[in-house]
Amino acid sequence: MRCPLSATNKEIDEFIRSNYDWINERLEEERIFEKEMLKIQNNSKIFYRARELTIVFRERREKRILVSGNKFIIQDNKINPSAATIQVEDYLIDKASEYIIPRAKSLARHLGVDGKIKEVKLRKTKSKWGHCTSKGIIQFNWLIMLAPYSIIDYIITHEVCHLIYMDHSRHFWNLVESICPGHKDYVTWLNNHEHRFWFE
Ligand SMILES: [Zn+2]
(Lines give C-alpha, C1' and ligand atoms only; values in the text may rest on other atoms or scores of the structure.)
Protein backbone atom coordinates (compact mmCIF):
# COMPACT_ATOMS: atom_id res chain seq x y z
CA MET A 1 0.00 0.00 0.00
CA ARG A 2 1.12 3.52 -0.77
CA CYS A 3 0.61 6.23 1.86
CA PRO A 4 2.05 9.60 2.91
CA LEU A 5 5.27 9.37 4.95
CA SER A 6 3.57 11.24 7.77
CA ALA A 7 0.85 8.59 8.20
CA THR A 8 0.94 6.83 11.54
CA ASN A 9 0.49 3.07 11.89
CA LYS A 10 -2.83 3.72 13.55
CA GLU A 11 -4.03 5.78 10.60
CA ILE A 12 -2.89 3.07 8.20
CA ASP A 13 -4.67 0.35 10.19
CA GLU A 14 -7.74 2.50 10.29
CA PHE A 15 -7.67 3.03 6.54
CA ILE A 16 -7.23 -0.67 5.81
CA ARG A 17 -10.02 -1.63 8.21
CA SER A 18 -12.50 0.85 6.80
CA ASN A 19 -11.65 0.00 3.18
CA TYR A 20 -11.21 -3.71 3.68
CA ASP A 21 -13.78 -4.86 1.10
CA TRP A 22 -12.63 -2.40 -1.49
CA ILE A 23 -8.98 -3.44 -1.04
CA ASN A 24 -9.89 -7.11 -1.32
CA GLU A 25 -11.86 -6.49 -4.47
CA ARG A 26 -8.91 -4.68 -6.04
CA LEU A 27 -6.53 -7.48 -5.07
CA GLU A 28 -8.90 -10.08 -6.48
CA GLU A 29 -9.17 -8.07 -9.68
CA GLU A 30 -5.39 -7.94 -9.93
CA ARG A 31 -5.15 -11.69 -9.41
CA ILE A 32 -7.59 -12.24 -12.28
CA PHE A 33 -5.75 -9.75 -14.47
CA GLU A 34 -2.45 -11.47 -13.75
CA LYS A 35 -3.95 -14.88 -14.51
CA GLU A 36 -5.53 -13.69 -17.74
CA MET A 37 -2.49 -11.79 -18.97
CA LEU A 38 -1.34 -12.99 -22.34
CA LYS A 39 1.73 -15.19 -22.31
CA ILE A 40 2.95 -16.44 -25.65
CA GLN A 41 3.72 -20.05 -24.82
CA ASN A 42 2.55 -23.46 -25.93
CA ASN A 43 -0.88 -24.36 -24.54
CA SER A 44 -1.63 -21.00 -22.98
CA LYS A 45 -4.77 -19.02 -23.80
CA ILE A 46 -5.00 -16.07 -26.13
CA PHE A 47 -8.06 -13.82 -26.25
CA TYR A 48 -8.22 -13.19 -29.99
CA ARG A 49 -11.10 -11.31 -31.66
CA ALA A 50 -13.22 -11.93 -28.55
CA ARG A 51 -12.68 -15.69 -28.61
CA GLU A 52 -10.52 -17.65 -26.24
CA LEU A 53 -8.09 -19.73 -28.30
CA THR A 54 -5.30 -22.08 -27.30
CA ILE A 55 -1.82 -21.24 -28.49
CA VAL A 56 -0.20 -24.20 -30.24
CA PHE A 57 3.51 -24.23 -31.10
CA ARG A 58 4.13 -26.30 -34.20
CA GLU A 59 7.52 -27.14 -35.72
CA ARG A 60 7.21 -26.74 -39.48
CA ARG A 61 9.54 -25.49 -42.16
CA GLU A 62 7.16 -22.72 -43.13
CA LYS A 63 7.03 -19.82 -40.69
CA ARG A 64 3.45 -18.61 -40.25
CA ILE A 65 0.54 -17.98 -37.90
CA LEU A 66 -2.87 -19.48 -38.53
CA VAL A 67 -6.15 -19.59 -36.68
CA SER A 68 -7.95 -22.89 -37.02
CA GLY A 69 -10.97 -23.86 -34.94
CA ASN A 70 -10.12 -22.82 -31.41
CA LYS A 71 -6.37 -22.95 -32.01
CA PHE A 72 -3.97 -20.09 -32.58
CA ILE A 73 -1.13 -21.93 -34.28
CA ILE A 74 2.38 -20.50 -34.38
CA GLN A 75 4.65 -22.33 -36.82
CA ASP A 76 8.39 -22.14 -37.26
CA ASN A 77 11.19 -24.62 -37.84
CA LYS A 78 12.50 -24.05 -34.32
CA ILE A 79 10.01 -22.64 -31.90
CA ASN A 80 10.27 -21.31 -28.35
CA PRO A 81 8.37 -18.63 -26.38
CA SER A 82 10.69 -15.74 -27.22
CA ALA A 83 10.81 -16.50 -30.97
CA ALA A 84 7.04 -17.01 -30.96
CA THR A 85 6.51 -13.68 -29.19
CA ILE A 86 8.49 -11.87 -31.89
CA GLN A 87 6.49 -13.69 -34.54
CA VAL A 88 3.17 -12.66 -32.98
CA GLU A 89 4.39 -9.07 -32.74
CA ASP A 90 5.38 -9.01 -36.43
CA TYR A 91 2.05 -10.58 -37.33
CA LEU A 92 0.07 -7.91 -35.46
CA ILE A 93 2.20 -5.06 -36.82
CA ASP A 94 1.60 -6.34 -40.37
CA LYS A 95 -2.13 -6.61 -39.74
CA ALA A 96 -2.20 -3.12 -38.22
CA SER A 97 -0.41 -1.51 -41.14
CA GLU A 98 -2.70 -3.27 -43.61
CA TYR A 99 -5.89 -2.39 -41.75
CA ILE A 100 -5.53 0.62 -39.46
CA ILE A 101 -3.44 3.02 -41.54
CA PRO A 102 -5.53 2.99 -44.76
CA ARG A 103 -8.77 3.04 -42.75
CA ALA A 104 -7.70 6.02 -40.65
CA LYS A 105 -6.71 7.89 -43.81
CA SER A 106 -9.94 7.11 -45.65
CA LEU A 107 -12.09 8.12 -42.68
CA ALA A 108 -10.16 11.40 -42.49
CA ARG A 109 -10.79 11.86 -46.23
CA HIS A 110 -14.49 11.16 -45.72
CA LEU A 111 -14.59 13.84 -43.00
CA GLY A 112 -12.64 16.26 -45.17
CA VAL A 113 -9.69 16.47 -42.80
CA ASP A 114 -7.13 14.23 -44.51
CA GLY A 115 -4.99 17.34 -45.07
CA LYS A 116 -4.59 17.58 -41.29
CA ILE A 117 -2.86 14.21 -40.99
CA LYS A 118 0.88 14.53 -40.85
CA GLU A 119 1.66 10.96 -39.97
CA VAL A 120 -0.02 7.76 -38.81
CA LYS A 121 2.26 5.78 -36.54
CA LEU A 122 2.02 2.32 -35.02
CA ARG A 123 3.57 1.78 -31.64
CA LYS A 124 3.16 -0.56 -28.72
CA THR A 125 2.52 1.49 -25.60
CA LYS A 126 1.87 0.42 -22.04
CA SER A 127 -1.58 1.87 -21.53
CA LYS A 128 -3.00 3.66 -24.57
CA TRP A 129 -4.78 2.45 -27.66
CA GLY A 130 -4.44 5.63 -29.61
CA HIS A 131 -3.26 9.19 -29.50
CA CYS A 132 -3.70 12.24 -31.68
CA THR A 133 -1.65 15.42 -31.42
CA SER A 134 -2.60 18.93 -32.47
CA LYS A 135 0.18 18.64 -35.08
CA GLY A 136 -1.75 15.86 -36.83
CA ILE A 137 0.30 12.89 -35.70
CA ILE A 138 -1.98 9.95 -34.97
CA GLN A 139 -0.61 6.97 -33.14
CA PHE A 140 -2.18 3.53 -32.72
CA ASN A 141 -1.15 0.66 -30.52
CA TRP A 142 -0.90 -2.36 -32.84
CA LEU A 143 -1.89 -4.70 -29.97
CA ILE A 144 -5.47 -3.60 -30.73
CA MET A 145 -5.32 -6.04 -33.67
CA LEU A 146 -6.08 -8.75 -31.08
CA ALA A 147 -9.53 -7.18 -30.60
CA PRO A 148 -12.62 -7.60 -32.79
CA TYR A 149 -12.84 -5.32 -35.85
CA SER A 150 -15.73 -3.34 -34.34
CA ILE A 151 -13.44 -2.32 -31.47
CA ILE A 152 -10.56 -1.49 -33.81
CA ASP A 153 -12.92 0.66 -35.87
CA TYR A 154 -14.02 2.49 -32.75
CA ILE A 155 -10.40 3.28 -31.84
CA ILE A 156 -9.71 4.52 -35.38
CA THR A 157 -12.86 6.66 -35.29
CA HIS A 158 -11.96 8.10 -31.90
CA GLU A 159 -8.50 9.26 -32.95
CA VAL A 160 -9.53 10.56 -36.38
CA CYS A 161 -12.37 12.58 -34.79
CA HIS A 162 -9.71 14.31 -32.69
CA LEU A 163 -8.52 15.93 -35.91
CA ILE A 164 -11.79 17.88 -35.71
CA TYR A 165 -12.26 18.19 -31.94
CA MET A 166 -9.15 17.96 -29.81
CA ASP A 167 -11.18 17.46 -26.63
CA HIS A 168 -13.74 14.98 -25.31
CA SER A 169 -16.61 17.45 -25.55
CA ARG A 170 -20.21 16.61 -26.41
CA HIS A 171 -19.49 17.65 -30.02
CA PHE A 172 -16.65 15.16 -30.14
CA TRP A 173 -18.73 12.26 -28.80
CA ASN A 174 -21.65 13.13 -31.09
CA LEU A 175 -19.33 12.94 -34.07
CA VAL A 176 -17.90 9.60 -32.86
CA GLU A 177 -21.42 8.25 -32.38
CA SER A 178 -22.49 9.33 -35.88
CA ILE A 179 -19.65 7.29 -37.41
CA CYS A 180 -19.56 4.47 -34.91
CA PRO A 181 -23.06 3.92 -33.50
CA GLY A 182 -23.15 2.25 -30.10
CA HIS A 183 -19.58 3.32 -29.33
CA LYS A 184 -20.31 3.28 -25.58
CA ASP A 185 -20.62 -0.50 -25.71
CA TYR A 186 -17.18 -0.68 -27.30
CA VAL A 187 -15.71 1.51 -24.59
CA THR A 188 -17.22 -0.79 -21.95
CA TRP A 189 -16.00 -3.89 -23.77
CA LEU A 190 -12.48 -2.46 -23.86
CA ASN A 191 -12.57 -1.59 -20.16
CA ASN A 192 -13.52 -5.17 -19.36
CA HIS A 193 -11.13 -6.96 -21.69
CA GLU A 194 -8.14 -4.83 -22.60
CA HIS A 195 -5.97 -6.29 -19.82
CA ARG A 196 -5.89 -9.53 -21.84
CA PHE A 197 -4.05 -7.91 -24.75
CA TRP A 198 -0.92 -6.57 -23.18
CA PHE A 199 2.03 -8.90 -23.20
CA GLU A 200 5.74 -8.52 -22.54
ZN1 LIG B 1 -9.59 10.86 -27.01
ask   = Could we say that VAL187 is within 16 Å of the ligand (Cβ to nearest atom), surrounded by fewer than 17 Cβ atoms within 10 Å (Cβ to Cβ), aliphatic (A, V, I, L, M) and under 21 Å from ARG49 (Cα atoms) here?
value = yes
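Checking the condition in a loop (DSSP other than H, G, I, E, B), surrounded by 12 or more Cβ atoms within 10 Å (Cβ to Cβ) and β-branched (Val, Ile, Thr), which residue from ILE12, ILE40, ILE46 passes?
Only one candidate qualifies: ILE40.
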key: Matching residues in the range 140-159 - criterion: being touching a Phe, Trp or Tyr at 6+ places or on another chain (Cβ under 6 Å) and either without any contact (Cβ under 8 Å) to a residue 24 or more places away in the chain or of a type in the set (D, E, K, R) (or both)   = ASN141
key: Residues located in the range 86-140, provided they are among the polar types (S, T, N, Q), more than 15 Å from the chain's Cα centre (by Cα) and either within 16 Å of the ligand (Cβ to nearest atom) or modelled with pLDDT under 95 (or both)   = THR133, SER134
message = For the structure I just gave you, tell me whether ILE137 is assigned by TED's automatic domain parsing to the domain that holds LEU53, free of Cβ contacts under 8 Å to residues at least 24 places away in the same chain and surrounded by fewer than 21 Cβ atoms within 10 Å (Cβ to Cβ).
response = yes
inquiry  = Need pairs with beta-carbon distance below 8 Å; first residue touching a residue at least 12 places away in the same chain (Cβ under 8 Å) and under 15 Å from SER134 (Cβ atoms) and within the range 160-178, second of a type outside the set (A, V, I, L, M) and within 10 Å of the ligand (Cβ to nearest atom); sequence gap 6+ or separate chains.
reply    = VAL160/CYS132; CYS161/PHE172; HIS162/CYS132; HIS162/PHE172; LEU163/CYS132; ILE164/PHE172; MET166/CYS132
task = Could you list, in sequence order, all residues of the range 151-184 that are part of a helix (DSSP H, G or I) and touching a Ser or Thr at 6+ places or on another chain (Cβ under 9 Å)?
result = LEU175, VAL176, ILE179, HIS183
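Assess whether GLU52 counts as being closer than 30 Å to LEU143 by Cα and assigned to a helix (DSSP H, G or I).
Numbers: closer than 30 Å to LEU143 by Cα: yes; assigned to a helix (DSSP H, G or I): no.
Here the answer is no, as GLU52 does not meet what is asked.
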task = With the checklist (1) exposed (fewer than 12 other Cβ atoms within 10 Å of the Cβ); (2) within 22 Å of LYS95 (Cα to Cα); (3) within 23 Å of the chain's Cα centre (by Cα) in hand, flag the one item GLU62 doesn't pass.
result = (3)
ask   = What number of residues in the range 145-175 are away from the ligand (no atom under 14 Å from the Cβ) and in contact with a helix residue (DSSP H, G or I) (Cβ under 6 Å, 6 or more places away or on another chain)?
value = 3
query = Could you say whether any residue in the range 99-109 is assigned to a helix (DSSP H, G or I), in contact (Cβ under 8 Å) with a residue 60 or more places away in the chain and buried (at least 17 other Cβ atoms within 10 Å of the Cβ)?
reply = yes
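The values are calculated or read from the model by the stated rules, or taken from the named source; none is laboratory data. All figures in this text were calculated on a predicted structure; none of them were measured in a lab. All Cβ positions, even for glycine, are placed from backbone atoms using ideal geometry, and neighbour counts span all protein chains on display.
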